[in-house]
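Each reported figure results from applying straightforward, stated rules to the coordinates on display, with no laboratory input. Computed from a predicted structure; not experimentally measured. Ideal geometry is used to build each Cβ from the backbone, glycine not excepted, and the neighbour counts take in all protein chains shown.
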Amino acid sequence: MYLSKLFIPITKDLPAEAKIKSHQLMLRTGMIKQSSAGIYSWLPLGFKVMKKIEQIVREEQNYIGAQEMLMPTIQSSEIWKESGRYDDYGEEMLRIKDRQGREMLYGPTNEELITDVFRSSVKSYKSLPQLLYHIQWKFRDEVRPRFGVMRCKEFYMKDAYSFDISDEEAKKSYNKMFYSYLKTFSRLGLKAIPMAADTGPIGGDLSHEFVILAETGESQIYADKNIFEINLNQFPLNDSSLQKMREEFTKIYAVTDEKYKKDEFNKNVKKENQMITKGIEVGHIFYFSDKYSKPMNCLIDDKNGKKTSVKMGSYGIGVSRLVGAIIEANYNNDVMKWPKSISPFDVVIIPSINKNNKENLVKAEKIYLELKKQNIDVLLDDVDENMSNKFKKHDLIGTPYQIIIGSKSEGNNFEFKELNSNSEILSLDKIKIKLKVK
Ligand code: 5CA
């Protein structure tokens, strides 16, 4: 992509409500634009990052055997009346009527809809277990949407649903998701803490919130620092190893506000390991057994031909929230720092250009084409502007590598710089080697 062609409508005058860094930086780099309170357009730069996050979430869901599907954003009120949540959900649910006067709603979550899909087709334990997921827009009419994409009305969520014949089997699905979440967040460059949590309006008795450390987070964390020491790679993907993995994680103290008890914390965690801090909830998993399948009559024949309600869990990741959360966890001196796996571009080429000398631009275009051929996501800064302004801009956007074509480059050797470190002069072949190592 040529920078001169890129649609980056930068917001210069930040609105008063943009209080936290991620919100400010997303507006300043034209990643998002507010359309109304808690509702945003995702502009090319922001959308690109979100799509890269979504892809990592998808790959890790597929890896544990979950199957992707897509459910609608608009749902009928009928199924919510069946589950009993239509009234319980309260004012957060956006209720609408179609032209026939039928009561509809914009889905805040999809437990009812997936149960309806499932009950109409699956009748036997032989088809279980099943793990299904979708990545879709949700709407919750939050009283106080805030912090940009962190707490929105409309947000993008990965939501997965598990179906099993018994509690025991269902815990295996829960463990798979637990593992998948830790892997996903680690690929996104995040250290997420699984914290024992309350289940709230989703229901059930087993639940973990995945929270990353950030001063501006809305979740309170009470945890033992040792939670960061467990190496996920030691656990292969099989039921007994994943059970061991969950035990390893959950025996270390880490709880949310509602579960916190001072005495317990002091008894279980040595003073020097106590972590009391704030964080951002980026994922949440629940096991709620037959909370929806029972009232909705989602029955399965077990081995003995006896009908039983299918046992379900649901597993959410805030994909759009993650964009803000990752900025919040990594920014440094007003500069966004992206993990390489999701930065908007892999590398930017910055030629020094002036009206009388287009030679650097010609060189830049040649490199641009070569890198593109190698499937490297490259940005070329072809804007006629002084170098110091260019550097400021690219530091702000946070592209991890820069190829600078100016006074220091000679022949086939160019100045190459990794964000926040010193530059070096390298041949294009060496640069290519560096860029492919992601
Ligand atoms: N169906 C369940 C799956 S566990 C569910 O809806 N869980 S949830 O309510 O905890 O939401 C899942 C994730 O979506 C949260 O962990 C959070 O990362 C994200 N999320 C929830 N509400 C918002 C919001 N208002 N704005 C942005 N992201 C949100």
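List of remarks:
- Computed from the C-beta positions of LYS262 and ASN389, the FRET efficiency with R₀ = 60 Å rounds to 0.70.
- Separation of the alpha carbons by more than 20 angstrom is noted, of LYS225/LYS271; LYS225/LYS261; LYS251/LYS271; LYS363/LYS390; LYS138/LYS158; LYS171/LYS191, for LYS171/LYS191.
- Only one residue of GLN55, SER4, VAL269 has its Cα farthest out toward the positive end of the dipole of the chain, where Lys and Arg carry +1 and Asp and Glu -1 on Cβ, and that residue is SER4.
- Sites GLN234 and GLU272 - FRET efficiency at Förster radius 35 Å, r taken between beta-carbons, to 0.05: 0.90
- Annotation for the range 370-411: trypsin sites (Lys or Arg not before Pro) lying in DSSP loop with at most 14 further Cβ atoms inside 10 Å of their Cβ are LYS408.
- The Cβ shell under 15 Å around PRO236 holds other residues with a net charge of +3, Lys and Arg each +1, Asp and Glu each -1.
- Ordering 13-22, 88-97 by mean Cβ neighbour count within 10 Å, with the highest value first, yields 13-22, 88-97.
- For the range 234-277, the residues whose amide N sits under 20 Å from a probe point set 7 Å from the Cα of GLN220 along the beta carbon direction are 253-277.
- Charge tally in the Cβ shell below 12 Å around PHE7, where Lys, Arg are +1 and Asp, Glu are -1, PHE7 excluded: +3
- Dipole magnitude for the chain: computed about the Cα centre from +1 point charges on Lys and Arg Cβ and -1 point charges on Asp and Glu Cβ, it is near 800 debye.
- Packing order of peptides 423-435, 132-144, highest average first: 132-144, 423-435 (average count of other Cβ atoms within 10 Å over each peptide's residues).
- Loop-located trypsin sites (Lys or Arg not before Pro) in the range 218-320, at most 13 other Cβ atoms within 10 Å (DSSP): LYS251, LYS261, LYS270, LYS303, LYS306
- Taking the longest Cα principal axis of the chain as reference, the axis of helix 167-187 is set at about 10 degrees.
- Alpha carbon centroid spacing (whole Å) that separates the range 108-141 from the range 44-105: 11
- Net charge of the neighbourhood of GLU68, taken over other residues with C-beta under 10 Å away and scored Lys/Arg +1, Asp/Glu -1, is +2.
- Highest average first, the peptides 67-78, 151-162 ordered by how many other beta carbon atoms sit within 10 Å of their residues are 151-162, 67-78.
- Cα shape, the range 347-436, gyration tensor, a/c 1.5 rule: rounded
- Across the range 3-330, C-alpha contacts under 8 Å between residues 6 or more apart give a mean separation that, scaled by the residue count, equals a relative contact order of 21 percent.
- Multiplying the residue separation of LYS303 and SER76 by 0.36 nm and subtracting their alpha-carbon distance yields 78.3 nm.
- Cα-based helix-to-principal-axis angle, 387-397 vs the chain, degrees rounded to 10: 10
- Helix axis angle, 239-250 relative to the chain longest principal axis, alpha carbon, degrees: 80
- Projected onto their three principal axes, the Cα atoms of the chain cover extents of 82, 60, 43 Å, largest first.
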